[in-house]
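The values are calculated or read from the model by the stated rules, or taken from the named source; none is laboratory data. Here the structure is a predicted model, which means the values were calculated and not measured. Counting neighbours? That spans all protein chains shown, and the Cβs are built from the backbone with ideal geometry, glycine included. Please note that ligands, DNA and RNA were not included when accessible areas were found on the heavy atoms of the full protein model with its side chains. Shrake-Rupley method; radii C 1.70, N 1.55, O 1.52, S 1.80 Å.
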Amino acid sequence: MKNRLFTLIAMLFVACQFAQAQEDYARKVVSVLASDKYAGRGYVFNGDKKAAGYIAKEMKKSGLTPVDGKSFMQYFSLGANVFPKAATVKLNNEELKMGVNVLVDAASPSINGSFDLVPVSGKLNDDIVLRQIAQDKAYAGKAIYIDEAEQLKTINAQELRRAIMLLMTAGEYRAIVVNTPSKFTWRASVSQSLKPAVYIKDLAINPNDSQISLDITAKYQPDYKTQNVCGFLKGSSDSDSTILVTAHYDHLGVIGKKVVFNGANDNASGTALMLYLAQYYGKNKPKYNMIFLAFSGEESGLLGSKYYAANPLNDLKKVKFLINVDMAGTGDDGIQVVNGSIFTKEFDLLTKLNAEKKYLPEVKVRGAMNRSDHAPFYEKGVPAFFIYTLGGTTAYHDIYDRYETLPFTRFNGYANLLTDFIDQF
């Protein structure tokens, strides 16, 4: 009995040590990729290139080789509007804090000057109203002011966003100022607009007696060279069938050197999970070949995965399954499995494994969705899941998605569920 008890304690100790090693590795990867040094893994200060170099080194350390036998990098070009200098916005001579109560639209051009605010009226989902605003000489040399809360009483958020984007393309005015009650979220822009737009929040403002001062430096790069990172691991069988594990490593970049969109959960965490799986299978030889793909350009419209799917380094017809992971740093409420209702056999296996081992609180099913890197492959007939964790942090596309606040709540269970799932193929 004592021997059995000792054996059980030893097994539990080993399991705990293994689980800690999983999370420790993920934390190490995220702490690197989401550090300020990597400039939000965008297309300024070589953020994307530093991240790609780090990922390639990790792949090599795990025993992976280049998919094409030559280089871990697959290069392609995209358009990128970036902000290499700090942007200053003052309202009535009071400087606002970037990312906290002011945010520059990612498609904005450079501008330097002070402008009186002039409020606009009318429903901005009406193209006639938008043309009148753009052509109105009364707005010449000024900044038009949009009260988002007022507009959303009569039009929806999508209509308002479309209107702002159209107003950024023409007009006698110099800039657009949007007063928003909404949470700030940034984006990547593949183009540069004619007019700048800034969003302000949590400020009392009288638009009829206010002035906005803007000092914004933007640089548009129409053909910025970036890269996917692609690693191959030979399986133990003679089969040429392949399992793909994918994650995007890019994020939104920076506004100057101090306002950084670090993207810890989105998607340094998914990249960490992918690299952990590469490390695990480097030590525990899989049955089938495995390819690990870290995509750039996801935030710019899935451009990296679209490029790879159009220019594959492997035969996509021989892919048994693709697992695309994004936002892997929480899991308080389980995971969401996109395409789960399409590939029901695989989804049922995933839920069965989770029920047996109780890795995660829940495995939720969802249908098709084309907003992540699985989509270009799925459109070509590759069976694929897109999986992301649920619950926990609400930081997303903002300055608060940082390593220091990412809980890694269910990372170990999530990783173990995926290795169990992959081993069933």
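If the condition is being of a type outside the set (Phe, Trp, Tyr) and open to solvent by less than 10 Å² (accessible area, probe 1.4 Å), then the range 266-281 contributes Asp266, Asn267, Ala268, Ser269, Gly270, Thr271, Ala272, Leu273, Met274, Leu275, Leu277, Ala278. Considering only residues in the range 332-389 that are within 25 Å of Ala309 (Cα to Cα) and of a type in the set (D, E, K, R), the one that is surrounded by the fewest Cβ atoms within 10 Å (Cβ to Cβ) turns out to be Lys345. When the range 294-333 is filtered for residues that are in contact (Cβ under 8 Å) with a residue 60 or more places away in the chain, part of a loop (DSSP other than H, G, I, E, B), closer than 21 Å to Arg402 by Cα and of a type outside the set (A, V, I, L, M, F, W, C), the ones remaining, listed by number, are Ser296, Gly297, Glu298, Glu299, Ser300, Gly329, Thr330, Gly331, Asp332.
Looking across the range 213-257, not a single residue is free of Cβ contacts under 8 Å to residues at least 12 places away in the same chain and under 19 Å from Leu33 (Cβ atoms). Residue count for the range 131-167 satisfying the condition of being surrounded by fewer than 16 Cβ atoms within 10 Å (Cβ to Cβ), under 32 Å from the mean Cα position of the chain (by Cα), under 24 Å from Asp209 (Cα atoms) and among the hydrophobic types (A, V, I, L, M, F, W, C): 2. Scanning the range 168-188 for residues that are surrounded by 21 or more Cβ atoms within 10 Å (Cβ to Cβ) and either of a type in the set (Ser, Thr, Tyr) or closer than 16 Å to Leu252 by Cβ (or both) yields Tyr173, Trp186, Ala188.
State whether one or more residues within the range 282-301 are at pLDDT 95 or above, open to solvent by 10 Å² or more (accessible area, probe 1.4 Å), acidic (Asp, Glu) and within 23 Å of the chain's Cα centre (by Cα). Within the range 282-301, one or more residues are at pLDDT 95 or above, open to solvent by 10 Å² or more (accessible area, probe 1.4 Å), acidic (Asp, Glu) and within 23 Å of the chain's Cα centre (by Cα). Residues that are assigned to a loop (DSSP other than H, G, I, E, B), farther than 25 Å from Ile342 by Cα and touching a residue at least 60 places away in the same chain (Cβ under 8 Å) do not occur anywhere in the range 412-424. Figure legend. Inter-residue proximity from the range 95-115: first residues touching a residue at least 40 places away in the same chain (Cβ under 8 Å), second residues β-branched (Val, Ile, Thr) and open to solvent by 10 Å² or more (accessible area, probe 1.4 Å), beta-carbon distance below 6 Å, spacing 6+ or different chains. Indicated pairs: Met98/Val259; Gly99/Val259; Gly99/Ile399; Ser110/Thr217. Considering only the range 390-425, state which residues are open to solvent by 30 Å² or more (accessible area, probe 1.4 Å), under 27 Å from Val254 (Cβ atoms) and of a type outside the set (Gly, Ala, Ser). Thr393, Thr394, Tyr396, Ile399, Tyr400, Arg402, Tyr403, Glu404, Thr405, Pro407 - these are the residues of the range 390-425 that are open to solvent by 30 Å² or more (accessible area, probe 1.4 Å), under 27 Å from Val254 (Cβ atoms) and of a type outside the set (Gly, Ala, Ser).
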